[in-house]
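Below: the structure, in structure tokens.
What follows is calculated from the coordinates using simple rules that are stated; it is not laboratory data. Because the structure is a prediction, the values reported are computed rather than measured. No Cβ is skipped: glycine too gets one built from the backbone with ideal geometry, and neighbour counts run over all protein chains shown.
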Amino acid sequence: MKLWALIAGVLFGLGLGISGMTDPRKVIGFLDVTGSWDPSLAFVMGGALAVHGIGNRLVRKRPKPIFSSAFGLPPFSAIDGRLIGGAVLFGVGWGLAGYCPGPAVVSAASGAPGALVFVGTMAVGMLIYRYIGAPAAIQAASSSS
């Protein structure tokens with residue numbers, strides 16, 4: 001099972017690299033709507049949404065996944081302060097650094113200094129959340145896996 005996750009991650013990373021989304025200037029150019037706006041990220045997102053939409057419809061028609069006994073779909077949760085705060089924090093970090101987690105990991109593999117700093121601080125943030133800020137239910141679930 002972990003091999004399939006690795007293959008999916010490598011494929012995702014290759015896609016990010018080929019599309020140029022590992023370059024923070026691309027992301028900042030997309031976010032700069034009043035300057036020299038670069039719409040290429042919108043096309044990458046649109047392509048990803050189309051592939052996901054088609055794949056999701058096909059997968060949901062199956063009685064069960066190919067490599068598992070049941071689908072592990074997340075339960076619906078309400079939009080609350082934690083969700084909004086996390087989305088805002090993600091957006092601000094993405095806008096300031098020009099990286100989101102996937103492209104940052106791919107760029108860090110090439111040794112890009114900015115990406116290495118981003119991934120390092122992202123890892124520290126995840127550890128802080130896991131050991132200090134995570135609700136008890138999340139800590140219990142992560143320790144059982």
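Structure notes:
- A single entry from Gly81, Gly9, Gly47, Gly86 fulfils the requirement of being free of Cβ contacts under 8 Å to residues at least 60 places away in the same chain and over 30 Å from Gly133 (Cβ atoms): Gly47.
- Leading residue by the ranking (nearest to the chain's Cα centre (by Cα)) among those in segment 3-39 that are of a type in the set (Gly, Ala, Ser) and surrounded by fewer than 15 Cβ atoms within 10 Å (Cβ to Cβ): Gly9
- Selection from segment 57-67 of residues that are in contact (Cβ under 8 Å) with a residue 40 or more places away in the chain and surrounded by 10 or more Cβ atoms within 10 Å (Cβ to Cβ): none
- Number of residues in segment 54-87 that are over 22 Å from Ala5 (Cβ atoms), of a type outside the set (A, V, I, L, M) and in a helix (DSSP H, G or I): the value is 5.
- Some residue of segment 93-100 being farther than 20 Å from Leu11 by Cα and free of Cβ contacts under 8 Å to residues at least 40 places away in the same chain: yes
- The number of residues in segment 88-118 that are crowded, with 18+ Cβ neighbours inside 10 Å and of a type in the set (Val, Ile, Thr) comes to 2.
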